[in-house]
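So the structure is just underneath, and the comments pick up after that.
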Amino acid sequence: MFVIYDIYLRWYDLALRAINFEVYGSPRKDSFQNLILSGMGGSGIVCDMIYSVLYSSSEVPVTIVKDFQIPRWTSKNSLLCAISYSGNTLETLNTVSKALEIGAEVCIVTSGGKLLELARVRGLPHIVVDSGLIPRAAFPQLLIATLKLLSIYGINLCSDLRSLISVLRDVEPISKTSKELAEFLKNSLPVIISNMRFYPLAMRFKDELNENSKMMAKVELVPEWAHNDIVGWELPLNIVKSLVIWDDDLVIEFPIDYLRCRGVDLQVLKLLGDDLLSKMLYGSYIAGLTSVYLAGLHGVKAEETKSIDEYKNFLRVRFP
Ligand code: F6R
């Protein structure tokens, strides 16, 4: 099997280690008017998960940046939390520099690179995750580190990290479900459907299929799906298979019935966990293992992402 597979198998232990990571530095101030979460790819998905949890609980506006630019309204009263496993992702570095220029509060989660250097030199609050992993496979550490870091600003998303990560402990049933899903999705064009709450998990599933299994995949979100994309399914392609992420939410029942009636090959993924965050963590584990098993079925190398390297080389040459 692949190197990345061994990292996925260690997720519970990696998450457990992350609970004790040290938080370096302290906030310059403890209140802010808005929160900007900045990160790309396997690091950026942590931003999406946090955004989704804060959507129904945060009293200040929260936004996600997956770009070189930060919003025009960023001010010295903003908090920007940057997450980059390598610490060298140009888009994320740019957002940090711009936020610092404006005088915003900046905190950082990384394993090293330029971001760690900057955090140390500027005395920015930060957490250092384990190095030597692959960004997308370091997900539980990036997530837990970010939860810990945000808590120093009074943003408390999880009161019991041990209980959160308990959904990762029992690998065997997770692996069994993932193998079945890999068989189901083999040689298909997967369309992952979820409601808005679970969109980060739907995205994570797609991203894992893209990067590990080298497959194209699509995400659709209800209720928006039912206002446009649904019409395309009146003549579905026969390579399409659909994976619906279950939530106790009436609206998710509609695509399941609708697509089944049209003969679309569909499976429903039910998630373990007590709350949104633990369910997304559990689902991310299924996504990771499914994508690695699919890589095996398709005969491709899960850890290799040559095209991402090509893009990063392009950036390095164009923006030296
Ligand atoms: C995932 C992966 C990419 C990176 C992305 C950003 O394994 O390789 O999605 O996460 O290119 O890089 P980092 O995470 O280093 O900021």
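Read-outs throughout are calculated quantities, based only on the coordinates presented, and are distinct from any laboratory measurement. Nothing here was measured: the structure is a model prediction, and the numbers come from that model. Virtual Cβ from ideal backbone geometry, glycine too; neighbours counted across all protein chains shown.
Odds and ends about this structure:
- Qualifying residue in the range 235-243 (condition: hydroxyl-bearing (Ser, Thr, Tyr) and free of Cβ contacts under 8 Å to residues at least 24 places away in the same chain): no
- Within the option set Asn195, Asn212, Asn228, being farther than 16 Å from Gly273 by Cα and more than 20 Å from the chain's Cα centre (by Cα) holds for one residue only, Asn228.
- Looking across the range 252-277, the residues that are in contact with a helix residue (DSSP H, G or I) (Cβ under 8 Å, 6 or more places away or on another chain) and hydrophobic (A, V, I, L, M, F, W, C) come down to Phe254, Leu266, Val268, Leu269, Leu271, Leu272, Leu276, Leu277.
- Restricting Val300, Val292 to residues that are in a helix (DSSP H, G or I) and within 16 Å of the ligand (Cβ to nearest atom) narrows the list to Val292.
- Gln33, sole failed condition from (1) within 15 Å of Ala104 (Cα to Cα); (2) buried (at least 20 other Cβ atoms within 10 Å of the Cβ): (2)
- Leu272, sole failed condition from (1) under 18 Å from the mean Cα position of the chain (by Cα); (2) outside any helix (DSSP H, G or I); (3) more than 19 Å from Ala202 (Cα to Cα): (3)
- Residue match in the range 216-233 (condition: over 22 Å from Met49 (Cα atoms), of a type in the set (D, E, K, R) and in contact with a helix residue (DSSP H, G or I) (Cβ under 7 Å, 6 or more places away or on another chain)): no
- Only residues that are surrounded by fewer than 24 Cβ atoms within 10 Å (Cβ to Cβ) and more than 18 Å from Tyr51 (Cα to Cα) were counted across the range 74-86, and they come to 4.
- Which numbered condition Leu277 misses (of (1) touching a residue at least 40 places away in the same chain (Cβ under 8 Å); (2) loosely packed, with under 12 Cβ neighbours inside 10 Å): (2)
- Any hit, the range 66-83, residues being within 16 Å of the chain's Cα centre (by Cα) and either among the acidic types (Asp, Glu) or within 15 Å of Leu14 (Cα to Cα) (or both): yes
- Scanning the range 91-126 for residues that are farther than 20 Å from Val65 by Cα and hydrophobic (A, V, I, L, M, F, W, C) gives a single hit, Val121.
- Verdict on Gly113 being touching a residue at least 40 places away in the same chain (Cβ under 8 Å) and on the phi > 0 side of the Ramachandran plot: no
- All of Tyr258, Tyr282, Tyr311 fail the test of being surrounded by fewer than 17 Cβ atoms within 10 Å (Cβ to Cβ) and closer than 24 Å to Leu133 by Cα, apart from Tyr311.
- Matching residues, the range 135-168, being touching a strand residue (DSSP E or B) at 6+ places or on another chain (Cβ under 7 Å), within 16 Å of the ligand (Cβ to nearest atom) and hydrophobic (A, V, I, L, M, F, W, C): Leu142, Ala145, Leu149
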